Each structure stands twice: as C-alpha cells, then as structure tokens.
Amino acid sequence: MVTIALLGTHDTKGAELHFVREKLIQFGAKVRAVDMSTLREEKKYSPDHPPSRLAGLAGRSFEELSALPKAEASEVIVEGALKLLQGWLDGGELNGAIALGGGSGAAMACAVFRGLPLGFPKVMVSTIASGDVTHYVGTRDLTMVHSVLDITLNRITRPIFAAAAGAICGMARALPVEKGADKPLVAASMYGITQPCVFSLKEILENEGFEVVIFSAGGNGARALEELTAEEHIDGVLDITTTTMIDEIVGGIRGAGPGRLEAACSRGIPLLVAPGACECVNFGPPETIPEKFIDRIFIRHTATTTLMRATATEMRELGAKMAEKLNRARGPAALLVPLRGFSRYDEAGGPRAMDFAGNPAGTFHDPESDMAFLEGVKSALNQERVRLMEPDLHINDEAFSKIVAEVFLSLVK
C-alpha cells in the first residue's frame with residue numbers, strides 16, 4: 001500500500017479535499033491529510049494533521065498566526081509542513097503528495113513541494129496551472145493539473161480531481177526505479193543551436209564511463225544545473241551553453257540570475273566552460289522586443305523566441321565577467337573559445353537575420369564581436385589558475401567536441 005500526503009487549506013477547501021481523500025482510499029492508498037489553513041482550524045472534515053501542529057513544528061503557536069500578515073503566516077505553515085513531510089520521507093513512510101488550492105493555496109503547497117527531493121511524486125491541482133507556473137514549479141519535477149474551475153466540487157471538477165488522485169497513486173506505485181550504474185555524473189548545458197557539440201561530447205564521455213545529463217541552457221534549466229550541482233548531485237560540469245549570462249547583461253528574458261558558473265566553482269569539481277550561444281540575447285515574439293533595440297539585428301528562432309545579436313561592447317563585458325567567475329574556481333577549470341563561431345547562427349554562411357522591422361539584414365556571424373569576448377576574457381582571466389584555449393574551429397565542429405572531451409578528461413584526472 002502506498003501512503004499519500006494530501007495538502008490543502010481545509011478551512012476553505014474542506015469538501016474538495018475530503019472528496020480527493022475518499023478517492024485516494026478507493027484507489028488503495030493510505031492518506032495523511034495535512035491542513036495548511038492560516039485563519040482557523042477546520043473540525044468538520046477532521047484532517048489528520050491540523051495547522052496547529054504545523055505551526056508547532058515551525059516553533060510558533062497557531063494563535064500567533066492571526067496577528068501576522070498573511071504572507072508571514074503562510075511561511076510558518078509551509079515550514080512546518082515541509083518538516084512534517086520530510087520526516088515521513090526520511091522514515092520511509094511516504095510515497096507521494098497531492099495538493100488542491102487556488103492562488104494562495106497553490107503558492108503554499110508548491111513551496112513545500114519544491115523542498116522535496118527530485119523523483120518524489122508531487123501533484124498540484126489548481127487554476128494557476130493554465131498560466132505561467134515558473135514561480136510555482138521552480139526547478140523541481142512538479143506535476144501541475146489545471147482544475148479549469150475554481151477549487152469547488154461540481155460535475156466538472158469531480159472527474160478532474162478523481163483523475164489527479166489516480167495519477168498520484170500511479171506515480172507512487174511506479175517507484176522505486178533502478179538508477180543505473182554508479183557512474184560519475186556530468187552535467188552539460190545545451191540549446192538546439194549548440195546541440196551537435198553537446199551530443200558529440202555526450203557520446204564520447206559515455207564511452208569513457210561517465211553518465212551525462214543535459215540541461216536546457218535558458219532560465220530554469222540553467223538554475224536547475226546550478227542547484228543540482230550545489231546539492232552535490234553532479235560530479236563535473238560541461239557548461240557549453242552559457243547564453244543566460246548575456247541575457248543578464250543586456251536584459252533578455254531567459255537570464256538565470258547572478259549565480260551562473262558559481263556552484264561548480266564553489267564546490268571545486270571539474271568545470272569546463274564554452275561561450276555557446278552567448279552572442280544570442282533571448283526575447284519573445286518580435287512585438288515584445290523593447291524599442292531601444294531598434295538598431296539591432298534578430299533571428300526568429302521559434303514562434304515564441306526571437307534572438308538578438310549581442311554587440312562587441314556587450315560581448316567584451318561578458319568575457320570579463322565570465323573570467324572573474326572562473327578565477328574563483330576551487331578546482332580544475334578551463335575555458336575553451338571556438339574562434340569560428342559560438343552557435344549554429346554564428347557561422348559563415350549562417351541563416352539570414354532581420355532588422356527590427358523584419359527586413360533582411362545580414363547574418364549573426366560577427367567575428368569582431370566574438371573576438372571582443374575573447375579580449376574581455378584575457379583582460380581578467382587568471383591563466384595560472386584557469387586553462388584558456390582558442391581552437392580555430394566552430395563550436396559545432398566535431399573536432400571541437402573532441403578537444404573539449406580531451407580537456408575535460410584531463411581536468412578530471
């Protein structure tokens with residue numbers, strides 16, 4: 001029998017949570033209902049773990065919460081709920097978790113879920129699932145189910161709630177799974193426009209006895225790479241596609257915050273970096289690009305992503321910033337700069353770019369701007385600590401991948 005934690009605010013969603021509880025039991029699960037209410041304790045539906053217990057686990061009394069702003073009271077309940085679920089997990093007494101909630105309830109439950117391990121089944125049922133859930137999901141494997149209607153019990157929501165209950169039971173029963181051989185785990189960052197390089201590296205290193213996991217190089221993917229590295233899931237990093245750093249400098253939409261490159265440097269694990277797609281500043285559809293960039297050139301990457309070519313000044317700043325981060329590496333580190341281009345768009349004969357109005361306007365290939373990046377690197381890099389190489393190759397050349405693999409293996413040794 002699997003054990004499922006059921007989270008929600010019983011003072012406002014008691015009937016709906018009770019319905020899901022009955023479905024979970026019907027599907028053969030043992031249920032632990034956790035009440036995350038902040039205003040009052042619900043008696044009618046008798047949750048197994050009232051909010052007073054959660055407040056106590058966080059070192060507060062439930063009576064204190066009424067005097068706090070809602071956000072602070074919610075933080076206390078989240079802290080207590082996370083401690084409760086983590087204790088069950090540590091004791092091998094929990095197999096999955098499901099929550100129901102509107103905006104506030106989802107924010108609280110998802111905060112708890114983000115603190116739980118990767119691979120542990122987590123399902124959130126909410127109206128917020130139809131929008132941008134970045135801040136709810138973060139970098140975790142959280143399954144969102146759109147409730148369509150507000151969290152109320154009716155002929156439309158009953159089958160949705162029942163299906164979600166069945167889903168969490170199925171997820172819980174699917175575990176555990178074999179993790180595979182105990183090989184060193186290497187993280188690589190990739191965009192579609194650096195894929196040939198990364199796929200080739202993956203094949204080479206897996207033949208050498210490593211397991212290679214690939215992270216999307218933008219936004220949450222880059223954040224996940226840093227977080228999992230900091231949490232010591234990762235044994236080495238091939239940060240081939242560092243494009244988020246130019247977004248941070250210029251104002252693109254897929255930055256990953258100021259922490260890029262820092263986890264591997266701090267831990268002292270082998271780190272190899274390349275400026276993959278660093279000439280590309282990420283924006284949404286053309287109509288969303290700020291008018292201050294009216295004199296720049298662009299490429300429509302997808303229907304929802306437009307890339308803008310970074311200037312020499314921006315690339316020089318990026319090179320210096322990347323060097324400064326690498327100088328703080330506590331372990332072996334290297335930076336490889338391919339002189340013939342940083343992505344599929346940055347190569348001789350690459351696809352045609354467009355101006356702000358959508359008219360044809362040259363290409364992204366700009367060796368002078370790429371060289372400015374290298375100048376920025378050399379102005380700041382401590383080459384006694386960090387190895388710098390400048391292969392006269394394009395980033396997606398097979399020969400470049402082989403050099404990267406050789407250098408990374410030397411860092412590991």
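The values are calculated or read from the model by the stated rules, or taken from the named source; none is laboratory data. What you see is a predicted model, and the numbers here were worked out from it, not measured in a lab. Quick reminder, even Gly has a Cβ in these numbers, built from the backbone with ideal geometry, and neighbours come from all protein chains shown. Ligands, DNA and RNA are excluded from the accessible area calculation, which covers all protein heavy atoms including side chains. Shrake-Rupley method; radii C 1.70, N 1.55, O 1.52, S 1.80 Å.
Data for the structure
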quantity: Number of positions in the range 222-241 that are open to solvent by 20 Å² or more (accessible area, probe 1.4 Å) and among the small types (G, A, S); calculated: 1
quantity: Members of the range 284-299 that are in a helix (DSSP H, G or I) and either open to solvent by less than 10 Å² (accessible area, probe 1.4 Å) or within 15 Å of R254 (Cα to Cα) (or both); calculated: T288
quantity: Qualifying residue in the range 120-130 (condition: assigned to a loop (DSSP other than H, G, I, E, B) and not β-branched (V, I, T)); calculated: yes
quantity: Some residue of the range 3-14 being of a type in the set (V, I, T), farther than 13 Å from A162 by Cα, within 30 Å of the chain's Cα centre (by Cα) and surrounded by fewer than 21 Cβ atoms within 10 Å (Cβ to Cβ); calculated: yes
quantity: In the range 129-143, the residues that are of a type in the set (D, E) and without any contact (Cβ under 8 Å) to a residue 12 or more places away in the chain; calculated: D132
quantity: Selection from the range 151-188 of residues that are charged (D, E, K, R) and at pLDDT below 95; calculated: E178, K179, D182, K183
quantity: Residue satisfying condition, being open to solvent by 40 Å² or more (accessible area, probe 1.4 Å) and within 24 Å of M144 (Cα to Cα), within set K44, K30; calculated: K30
quantity: Any hit, the range 133-144, residues being touching a Ser or Thr at 6+ places or on another chain (Cβ under 8 Å), of a type in the set (A, V, I, L, M, F, W, C) and assigned to a strand (DSSP E or B); calculated: yes
quantity: Residue identified as out of contact with any helix residue (DSSP H, G or I) (no Cβ under 9 Å at 6 or more places or on another chain), surrounded by fewer than 14 Cβ atoms within 10 Å (Cβ to Cβ) and not polar (S, T, N, Q) among A353, A361, A399; calculated: A399
quantity: Checklist (1) open to solvent by 20 Å² or more (accessible area, probe 1.4 Å); (2) farther than 27 Å from F293 by Cα; (3) touching a helix residue (DSSP H, G or I) at 6+ places or on another chain (Cβ under 8 Å) applied to A334, failing item; calculated: (1)
quantity: Hits in the range 376-396 - residues which are assigned to a helix (DSSP H, G or I) and surrounded by 14 or more Cβ atoms within 10 Å (Cβ to Cβ); calculated: G376, V377, K378, A380
quantity: Residue in the range 152-159 that is touching a strand residue (DSSP E or B) at 6+ places or on another chain (Cβ under 7 Å) and either open to solvent by 60 Å² or more (accessible area, probe 1.4 Å) or not small (G, A, S) (or both) present; calculated: no
quantity: Residue among L39, L54 that is more than 27 Å from the chain's Cα centre (by Cα), free of Cβ contacts under 8 Å to residues at least 40 places away in the same chain and open to solvent by less than 10 Å² (accessible area, probe 1.4 Å); calculated: L54
quantity: Residue match in the range 300-308 (condition: closer than 29 Å to L381 by Cα, open to solvent by less than 30 Å² (accessible area, probe 1.4 Å), at pLDDT 95 or above and not β-branched (V, I, T)); calculated: yes
quantity: Any chance V123 is out of contact with any Leu (no Cβ under 7 Å at 6 or more places or on another chain) and buried (at least 18 other Cβ atoms within 10 Å of the Cβ); calculated: yes
quantity: Test for S52: is it farther than 25 Å from S147 by Cα and out of contact with any Cys (no Cβ under 9 Å at 6 or more places or on another chain); calculated: yes
quantity: Residue identified as farther than 25 Å from T302 by Cα, over 25 Å from the mean Cα position of the chain (by Cα) and in contact (Cβ under 8 Å) with a residue 60 or more places away in the chain among F364, F356, F373; calculated: F373
quantity: Unique match (being over 22 Å from A405 (Cα atoms) and open to solvent by less than 60 Å² (accessible area, probe 1.4 Å)) among M315, M322; calculated: M315
quantity: Answer residue from the range 93-115, given it is out of contact with any Asp or Glu (no Cβ under 7 Å at 6 or more places or on another chain) and part of a loop (DSSP other than H, G, I, E, B) and is nearest to A15 (Cα to Cα) among those; calculated: G101
quantity: Residues located in the range 35-80, provided they are touching a strand residue (DSSP E or B) at 6+ places or on another chain (Cβ under 8 Å), hydrophobic (A, V, I, L, M, F, W, C) and either at pLDDT below 95 or in a helix (DSSP H, G or I) (or both); calculated: L54
quantity: Residue in the range 90-97 that is under 18 Å from A165 (Cβ atoms), free of Cβ contacts under 8 Å to residues at least 40 places away in the same chain and crowded, with 17+ Cβ neighbours inside 10 Å present; calculated: no
